[in-house]
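Written out below as structure tokens is the structure these notes cover.
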Amino acid sequence: MKITLCGSIAFIDEMLAAKNTLESTGHEVQMPPLEILDEQGKAMPVKEYYALRKTTNETEGWIWDAKEQAMRNHFEKVLWADAILVLNHDKNGILNYIGANTLLEMGLAFHHRKKIFLLKPIPELSYKEEILGMHPVIIHQNLSLLS
């Protein structure tokens with residue numbers, strides 16, 4: 001199966017581990033990039049970019065141009081896939097976190113009738129009803145359930 005991994009960039013290491021596990025069992029896997037190009041066109045680790053983005057007061061510039069491009073690129077990966085796997089680990093004191101960007105990716109997958117898998121149960125968030133309406137399959141951290 002062709003699977004695109006979705007989730008917060010805070011989980012990039014977990015995504016890479018999941019990608020390696022899934023590929024070892026024959027799946028084709030796409031995920032967010034490990035590097036982003038900075039304003040000089042030099043590659044920087046995506047975790048460094050993520051930290052910079054979270055601390056900036058700027059509302060325009062290369063940081064947001066890179067965010068736009070990253071979102072568009074990942075939407076293309078969602079369209080390429082047969083299914084998405086949301087890595088919804090704990091973040092910001094929220095169990096099984098699903099953020100706004102991941103919710104957008106889930107919505108795109110849902111609209112295009114892609115299977116949606118969640119690594120962990122649906123979080124208690126204000127948009128839980130929207131997630132429930134997408135009928136994701138919760139795999140309880142068992143990657144072998146992807147089919």
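Name the residues in the stretch 1-49 that are part of a loop (DSSP other than H, G, I, E, B) and under 15 Å from HIS74 (Cα atoms), would you? Answer for the stretch 1-49, where residues must be part of a loop (DSSP other than H, G, I, E, B) and under 15 Å from HIS74 (Cα atoms): GLY7, SER8, MET31, PRO32, PRO33, LEU34.
Sub-9 Å Cβ pairs linking a first residue in the stretch 122-147 that is over 23 Å from ASN20 (Cα atoms) to a second residue that is part of a helix (DSSP H, G or I) and of a type in the set (Lys, Arg), at least 6 apart or interchain, are ILE122/LYS128, ordered by first then second residue. Within the stretch 103-123, being assigned to a loop (DSSP other than H, G, I, E, B) and either among the hydroxyl-bearing types (Ser, Thr, Tyr) or out of contact with any strand residue (DSSP E or B) (no Cβ under 9 Å at 6 or more places or on another chain) (or both) holds for HIS112, ARG113. Taking the residues in the stretch 86-140 that are farther than 21 Å from GLN69 by Cβ and polar (S, T, N, Q) as candidates, determine which candidate is nearest to the chain's Cα centre (by Cα). Per the stated criteria, the residue is ASN88. Out of (1) farther than 20 Å from ILE98 by Cα; (2) surrounded by 13 or more Cβ atoms within 10 Å (Cβ to Cβ); (3) of a type outside the set (Gly, Ala, Ser), what's the single condition that is false for ILE9? Failed condition: (1). Filtering LYS47, LYS42, LYS54 for residues that are under 30 Å from LEU146 (Cα atoms) and either exposed (fewer than 12 other Cβ atoms within 10 Å of the Cβ) or not aliphatic (A, V, I, L, M) (or both) leaves a single hit, LYS47.
Looking only at residues in the stretch 57-90 that are under 20 Å from GLU14 (Cα atoms) and of a type in the set (Val, Ile, Thr), the one that is surrounded by the most Cβ atoms within 10 Å (Cβ to Cβ) is VAL86.
Within the stretch 124-147, if we keep just the residues that are among the polar types (S, T, N, Q) and in a loop (DSSP other than H, G, I, E, B), the residue that is nearest to THR4 (Cα to Cα) turns out to be SER147.
For the stretch 127-137, check the following and say yes or no: at least one residue is surrounded by 12 or more Cβ atoms within 10 Å (Cβ to Cβ) and under 19 Å from ALA10 (Cα atoms). No, every residue in the stretch 127-137 fails to be surrounded by 12 or more Cβ atoms within 10 Å (Cβ to Cβ) and under 19 Å from ALA10 (Cα atoms).
Rundown of residues vs (1) in contact with a strand residue (DSSP E or B) (Cβ under 6 Å, 6 or more places away or on another chain); (2) at pLDDT 95 or above; (3) among the acidic types (Asp, Glu); (4) outside any helix (DSSP H, G or I), yes/no style:
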{"residue": "ALA51", "(1), (2), (3), (4)": "no, no, no, no"}
{"residue": "ASN57", "(1), (2), (3), (4)": "no, no, no, yes"}
{"residue": "GLU60", "(1), (2), (3), (4)": "no, no, yes, yes"}
{"residue": "ARG72", "(1), (2), (3), (4)": "no, yes, no, no"}
{"residue": "LYS77", "(1), (2), (3), (4)": "yes, yes, no, no"}
{"residue": "ILE84", "(1), (2), (3), (4)": "yes, yes, no, yes"}
{"residue": "HIS89", "(1), (2), (3), (4)": "no, yes, no, yes"}
{"residue": "ILE98", "(1), (2), (3), (4)": "no, yes, no, yes"}
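The values are calculated or read from the model by the stated rules, or taken from the named source; none is laboratory data. Quantities reported herein were computed from a predicted structural model and do not represent experimental measurements. All Cβ positions, even for glycine, are placed from backbone atoms using ideal geometry, and neighbour counts span all protein chains on display.
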